[in-house]
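The values are calculated or read from the model by the stated rules, or taken from the named source; none is laboratory data. A quick note: this is a predicted structure, and the numbers were derived from the prediction, not measured. Cβ: placed from backbone, ideal geometry, glycine included. Neighbour counts: every protein chain shown. Heavy atoms of the whole protein, side chains included, go into the accessibility calculation; ligands, DNA and RNA do not. Shrake-Rupley method; radii C 1.70, N 1.55, O 1.52, S 1.80 Å.
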Amino acid sequence: MVVGVFDSGVGGLTVAKSIIDEKLFDEVIYYGDTARVPYGTKDENTIVRYSLEAVEFFKNFNIDILLVACNTASSYALDEMRKVAPFEVVGVIEPGVLSITKQNPKLDSKILVIGTKATVSSGIYKKMLEEKGFCNIAQIETGLFVPLVEDGIFEGPIMDAMLEHYFKDVEKPDYIILGCTHFPLIAEAISGYFEGSVLVHSGEAIVGYLHDKFGLKNRGYESALKLFASSSPERLKLRADEWLKGSKYK
Ligand code: DGL
């Protein structure tokens with residue numbers, strides 16, 4: 001099976017890493033719209049238009065499933081993408097929510113959703129969690145983490161100042177949804193700030209979802225990885241070398 005992974009930029013490599021490590025597919029075709037990142041500051045029409053263009057890109061390949069690794073695109077564009085895609089389109093929001101419900105937490109558990117401006121203002125995580133009966137959900141736009149991660153700043157004084165800036169008035173949550181592709185890279189810093197909170201990572205959530213909904217299992221051999229970007233593909237390749245270190249792929 002061949003999977004497409006779409007993100008607004010390089011951050012979706014965190015999701016690609018999870019599916020590569022889990023050896024779910026023969027081939028992983030990654031496309032980052034690096035010419036137009038970030039999506040998280042754009043309006044709905046623009047996010048949908050860019051996401052539909054990504055579907056057109058993937059029509060050039062014989063993919064079985066498209067994983068929309070980008071939380072922002074998943075928040076706004078899935079319905080439109082599904083109307084025109086000749087393959088399955090799977091976003092990261094529902095898998096993230098289900099990965100919490102699978103743990104059978106109390107319905108008054110404190111859940112914090114962090115993401116881009118667009119993801120948070122869509123309210124999609126909150127709505128889906130409320131539909132499952134959860135009643136104690138907070139959301140914070142933490143878009144400034146994105147350029148820090150892009151610059152390779154995962155810890156240290158700038159990260160500490162940013163954590164304090166966003167979280168100083170927040171009571172420790174039981175669950176934190178890392179509602180942005182970049183945030184798994186700063187999971188350690190976030191866990192250091194909120195010790196004991198359970199972090200929900202889109203990549204791990206989507207692996208669980210692909211197991212549960214599509215019956216996909218570890219095939220036991222390495223996936224081939226092909227990387228494409230709408231600008232500076234060499235930068236995407238560098239990030240892949242760095243962030244996928246330790247993962248085995250062809
Ligand atoms: N990929 C985006 C997301 O997961 C983060 C970067 C952006 O704003 O485009 O929401």
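I'd like the projected area of the chain, averaged over all directions, using the convex hull of its alpha carbons. Report it in nm² with one decimal. Intermediate values should be presented prior to the final figure.
On the way: hull surface 50.0 nm².
Answer in nm², one decimal: 12.5.
Accessible area, 1.4 Å probe, largest first: how do Ile158, Ile153 sort?
Numbers: Ile158 95, Ile153 45 Å².
Putting Ile158, Ile153 in descending order of accessible area: Ile158, Ile153.
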**Message:** Out of the GluC sites (Glu not before Pro) in the stretch 164-212, which ones are loop residues according to DSSP with at most 12 other C-beta atoms within 10 Å?
**Reply:** Glu171, Glu195
**Message:** Give me the 1.4 Å probe accessible area per residue for the chain, excluding ligands and nucleic acids, in Å².
**Reply:** 44 Å²
**Asked** Expressed in nm to one decimal, what extension gain is obtained for the pair Ala187 and Lys106 from 0.36 nm per residue of sequence separation less their Cα-Cα distance?
**Response** 26.8 nm
**Message:** Students often get this wrong: which residues of the stretch 23-51 have the backbone nitrogen under 20 Å from the point 7 angstrom along Cα-to-C-beta of Lys237?
**Reply:** 27-36
**Message:** I'd like to compare 178-187, 44-53: which one has the highest average count of other Cβ atoms within 10 Å, and what's the full order after that?
**Reply:** 178-187, 44-53
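Got a number for carbon plus sulfur as a percent of the chain's accessible area, 1.4 Å probe?
Numbers: 5410 of 11040 Å².
Within the chain, the accessible surface is 49 percent carbon and sulfur.
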**Complete:** For the stretch 97-231, the percent of all C-alpha pairs falling in each 10 Å bin, from 0 up to the bin holding the max distance, is 11, 38, 33, 17, 2
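Please report the projected area of the stretch 26-128's Cα convex hull averaged over all directions, in nm². Show your work: numbers first, answer last.
Details: hull surface 29.9 nm².
Result: 7.5 nm².
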**Request:** Please give the helix 202-214 orientation as an angle from the longest Cα principal axis of the chain, in degrees from 0 to 90, rounded to the nearest 10.
**Result:** 60 degrees
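Work out, in µm²/s and without decimals, the Stokes-Einstein translational diffusion coefficient of the stretch 208-250 at 4 °C, 1.567 mPa s, Rh from Kirkwood over C-alpha pairs. Let's see the in-between values first.
On the way: Rh = 12.5 Å.
Answer, rounded: 104 µm²/s.
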**Estimated D of the stretch 35-92 in µm² per second, where Rh is the Kirkwood radius over Cα pairs and Stokes-Einstein applies at 20 °C, 1.002 mPa s** = 189 µm²/s
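Send over the semi-axes of the stretch 169-250's equivalent ellipsoid, whole angstrom and largest first, taken as the square roots of 5 times the C-alpha gyration tensor eigenvalues.
Details: eigenvalues 151, 79, 27 Å².
Working through the eigenvalues yields semi-axes of 27, 20, 12 Å.
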